[in-house]
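A short write-up of the structure that comes next.
The values are calculated or read from the model by the stated rules, or taken from the named source; none is laboratory data. If you're wondering where the values come from, they're calculated on a predicted model, not measured in any experiment. All Cβ positions, even for glycine, are placed from backbone atoms using ideal geometry, and neighbour counts span all protein chains on display. For the accessible areas, the whole protein counts, side chains as well, though only heavy atoms, and no ligand, DNA or RNA atoms are used. Shrake-Rupley method; radii C 1.70, N 1.55, O 1.52, S 1.80 Å.
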Amino acid sequence: MQRRAFVPLLLALAAVYVFWGATAPAMRVAVATLPPFAMAAIRFAVAGGILWTWVRLRGVPLPSAREWRAAAITGVILLVAANAVFAWCLQTIPSGIGSLFFSLAPLWMAIFAAVLFGERLTLPAALGLALGFGGMAYLIAPHGAVHFPFLPT
């Protein structure tokens, strides 16, 4: 790999590490003062507003009805069923344990791709999923099980 391409790649990975890694602890702090679903709604409304403004300023055409439908389905699944429920759970579990469960997202995406679109999981992808989840599990609880409530209260 060329040196010029290597530095931006390292910076991009560092940004993902910092921003994605800070998500669960930041959400844990936020749900201490805001209702979890309201916090998630505010978070995604602000992010969506910023993205909408950016693409409109760039002259990107408005989405078609089909694209709106697909975005609505994706939004409900990813933003409500995943992130908002994750925020709700962070009221009662440590953010590290929450991150462990949230690290299952790539596995769920692979399952949805297989069931909905007939995509097959390759051996390297399966190994990557197993390695990623195993690493996350090791980082969260390297010395045994951590006890937490099965359902948030």
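For the range 111-138, give me the residue count where each residue is open to solvent by less than 60 Å² (accessible area, probe 1.4 Å) and at pLDDT below 85.
5
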Seminar exercise, completed: The number of residues in the range 1-49 that are more than 14 Å from the chain's Cα centre (by Cα) and β-branched (Val, Ile, Thr) is 6
Exercise. Which one is nearest to GLY134 (Cα to Cα) among residues in the range 65-110 that are at pLDDT 80 or above and of a type in the set (Ser, Thr, Tyr)?
Worked result: SER95
Seminar exercise, completed: With the first residue restricted to the range 26-48 and required to be in contact (Cβ under 8 Å) with a residue 40 or more places away in the chain, and the second required to be of a type in the set (Val, Ile, Thr) and open to solvent by less than 40 Å² (accessible area, probe 1.4 Å), Cβ contacts under 8 Å at 6 or more apart or on different chains are MET39/VAL31
Problem set entry | Residue pairs meeting the criteria (Cβ under 8 Å; at least 6 apart or on separate chains; first under 28 Å from LEU127 (Cβ atoms), in the range 83-108; second at pLDDT 80 or above and assigned to a loop (DSSP other than H, G, I, E, B)) | GLY98/LEU90
Problem set entry | Residue satisfying all of: in the range 84-110; within 11 Å of the chain's Cα centre (by Cα) and outside any helix (DSSP H, G or I); surrounded by the most Cβ atoms within 10 Å (Cβ to Cβ) among these | SER103
